[in-house]
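Note sheet for the following structure.
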Amino acid sequence: MAQQAVTPQSVDFAAWYNEIVYKADLAAPSPVRGCIIIKPYGYELWEGIKGGLERRFKATGHQNAYFPLFIPESYLKREAEHVEGFSPELAVVTIAGGKQLEEPLVVRPTSETIIGEAFSQWIQSYRDLPLLINQWANVVRWELRTRPFLRTAEFLWQEGHTAHATEADAEAETLQMLDIYAQLARDDAAIPVIKGRKSDREKFAGALRTYTIEGMMRDQKALQCGTSHNLGQNFARAFDIQYLDENNNRQLCWTTSWGMSTRMVGAVVMAHGDDKGLRLPPVLAPIQVVIVPIYKNDGEKSLVLETIARIKNELSGAGVRVQVDTREGLSPGFKFNDWEMRGVPLRMEIGPKDVEKNNAVLARRDMGKEGKQFVAQEGLAQRVKDLLAEVQNNLRQQAADFRDSHIHDVSSYDQMRQVVEAGGWARGWWGGSGADEARIKDETGATIRCFPFEQPGGSGQCFFTGGDAPQVALFARAY
RNA sequence: CGGGGCGUAGCGCAGUUGGCAGCGCGCCGUGUUUGGGACGCGGAGGUCAUGGGUUCAAAUCCCGUCGCCCCGACCA
């Protein structure tokens, strides 16, 4: 059960986050270092994200498949940059069935290699392209510092893997999927994100280009919420993914991969939560409306519950996810706080006075006391749906305003440092090298989150080197 | 892998000079409560991380081992 106050965000954001995750019943600690148990409420939130993605994947012609958890070690090594990127964080099985394995099996950190091997067999002709596959899976990356949902040793995600005949097709797919992630974040999770390209230093090991959506959390730190990679022909070359074109010539495929993970649950927590708990966007909220009955005696109780049963049916029938809090022995006040901790967007109170007057009390989670209102029971379902839409919009607007007010344009390193020191995001012309990036990270803690798609146009003067800069970059401290 | 800290009830913790294993929250029962975090009474719950040692006697002292947390390094 959720309960009691939480460390305020302003005092210690990290402590706030950890407490919220456990008190809102999203997750529980696990006996295995760096792993978590995702509890039903947290898993339902993930299912909401999954559902939103799944719908969009299917609408764009992707199919699900499933590939093995174990990957022959030699597969990883076929793509030089890839293996170098992942080696430090691999978990490897060397003994199975009581015997030393001839070839160690890597627990997948991602599946480009084993899927690449499969693709090389599935694809013969240009008629087999594009091949659009998605997999829902768990992956393991042996991280040294872990945090619930944000970075865990094992996490759940989807990984899309596609193969195309041309570079242009692959690029279009990569951008299309990034756009789907941005839609999911904005329309479902109410997190406005910035789309952009990763610097070479930050891109996926083995990719030609990596695109990202970056969201701002309430401590102003950046969180990479999803990535989409144009893998060029790197994996096609390593795994011999070829097709015969219309002219009977053998050609290498162009492949992509893209992923969004349970980290997104952490994003929802950190982008919207306040000192009273979670604030869930209605589109993803496992429970959209909770009804708290108010009564003093058995007579009132049966009257109140009767009315509630009718209202619940009406709401369910209208497609609203509603739950009645029938727990005995807890005061209404306790329940209010409990559901606020869990982030339920709308609370309804029904008491004897409401039964009598055919009213209901509605309270919005995204607002304070002024969010409480008395409404008629007539037309309640529509009223609730309208309010849910308002909450969704308001959360997104609040997140957008917060983000926009903490992004600042900079034209000198001094300025950039000031912005970053204050916790904000710095946007400025960039023409520096990878080594310059490393130095900035060292000195300020900030990294290039992305080169935003939205560019001012033309070229400018790099705020760091003073040289010519072809584009602006977004710098921030990140998770 | 370096520095620091902690392992005692489900969770959070106290336990002094070695002398009956404790507190708060939660849990179970019961009665009174209930429109913003109720209260009384009665209960259940322990391999004091682990192995050894000192002692009449160890949660407490000594040695070892394991695990976890924090800071640093690392982080497609």
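Ignoring ligands, DNA and RNA, please state the percent of accessible area on chain A from carbon and sulfur, probe 1.4 Å. Can you show the working numbers first?
Details: 10050 of 20800 Å².
Roughly 48 percent, rounded to a whole number.
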Roughly how many Å² of residue A:347 are accessible to a 1.4 Å probe, to the nearest 10?
-> 20
Low-density loop positions, trypsin sites (Lys or Arg not before Pro), segment A:98-168 - DSSP coil, at most 16 other Cβ in 10 Å = A:145
Net charge near residue A:244 (other residues with Cβ under 15 Å of its Cβ; Lys, Arg +1; Asp, Glu -1) is -2
Which cross-chain or sequence-distant (5 or more) residues have an amide H under 5 Å from the amide H of residue A:409, H modelled 1.01 Å from N in plane?
-> A:427
From the backbone phi of segment A:324-335, what are the Karplus-calculated ³J(HN,Hα) couplings (6.51 cos²θ - 1.76 cosθ + 1.60, θ = phi - 60°) in whole Hz, Gly and Pro given as x?
-> 9, 8, 9, 4, 8, x, 10, 6, x, x, 4, 5
Given a Förster distance of 60 Å, the FRET efficiency implied by the Cβ-Cβ spacing of residue A:400 and residue A:296, rounded to the nearest 0.05, works out to 0.85
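Go through segment A:163-261 and name the chymotrypsin sites (Phe, Trp or Tyr not before Pro) that are in a DSSP coil and have 13 or fewer other Cβ atoms within 10 Å of their Cβ. Write down the numbers at each step before the final one.
Numbers: sites: A:181, A:204, A:211, A:235, A:239, A:243, A:254, A:258; in loops: A:204.
In loop regions of segment A:163-261 (DSSP not H, G, I, E or B), there are no sparsely surrounded chymotrypsin sites (Phe, Trp or Tyr not before Pro).
Given the pairs A:58/A:276; A:50/A:221; A:39/A:312; A:50/A:203; A:221/A:276, which are separated by over 29 angstrom at their Cα positions? Could the numbers behind the result be given before it?
Details: A:58/A:276 37 Å; A:50/A:221 25 Å; A:39/A:312 25 Å; A:50/A:203 25 Å; A:221/A:276 21 Å.
Over 29 Å apart, Cα to Cα: A:58/A:276.
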Could you let me know the centre-to-centre spacing of segment A:82-97 and segment A:407-479, using Cα atoms, in angstrom?
-> 35
Stretchable slack from residue A:63 to residue A:245, in nm (0.36 nm times residue separation minus alpha-carbon distance) | 63.2 nm
Low-density loop cleavage sites - trypsin sites (Lys or Arg not before Pro) in segment A:1-78, where at most 15 other Cβ are within 10 Å (DSSP) | A:33, A:77
May I ask you to evaluate 6.51 cos²θ - 1.76 cosθ + 1.60, the Karplus curve with θ = phi - 60°, for each residue of segment A:233-250 and list the ³J(HN,Hα) values in order in whole Hz, giving x for glycine and proline?
-> 10, 4, 7, 4, 5, 5, 10, 6, 8, 10, 9, 8, 7, 4, 9, 6, 9, 6
Under a straight-distance cross-link criterion of Cα-Cα below 18 Å, which aspartates and glutamates are reachable from residue A:23, leaving out those fewer than 8 residues away in the same chain?
-> A:12, A:44, A:274, A:275, A:325, A:338, A:340
Can you spot the lysines whose alpha carbon is less than 30 Å from residue A:99's alpha carbon? Ignore those fewer than 8 places along the same chain.
-> A:77
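Can you tell me the accessible area per residue over chain A, all protein chains present, probe 1.4 angstrom, in square angstrom? Please report the intermediate quantities before stating the final value.
Values: 20800 Å² over 479 residues.
I get 43 Å² per residue for chain A.
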Determine ³J(HN,Hα), in whole Hz, for all residues of segment A:177-185 in sequence, where each value follows from phi through the Karplus function 6.51 cos²θ - 1.76 cosθ + 1.60 and θ = phi - 60°; x replaces Gly and Pro.
-> 6, 4, 5, 5, 4, 5, 5, 4, 5
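The values are calculated or read from the model by the stated rules, or taken from the named source; none is laboratory data. Just so we're clear, the structure is a prediction, and the values are computed from it rather than from any experiment. With ideal geometry, Cβ positions are generated from the backbone for all residues, glycine too; neighbour counts draw on all protein chains shown. When the accessible area is computed, the model is the full protein with side chains, heavy atoms only, and any ligands, DNA or RNA have been set aside. Shrake-Rupley method; radii C 1.70, N 1.55, O 1.52, S 1.80 Å.
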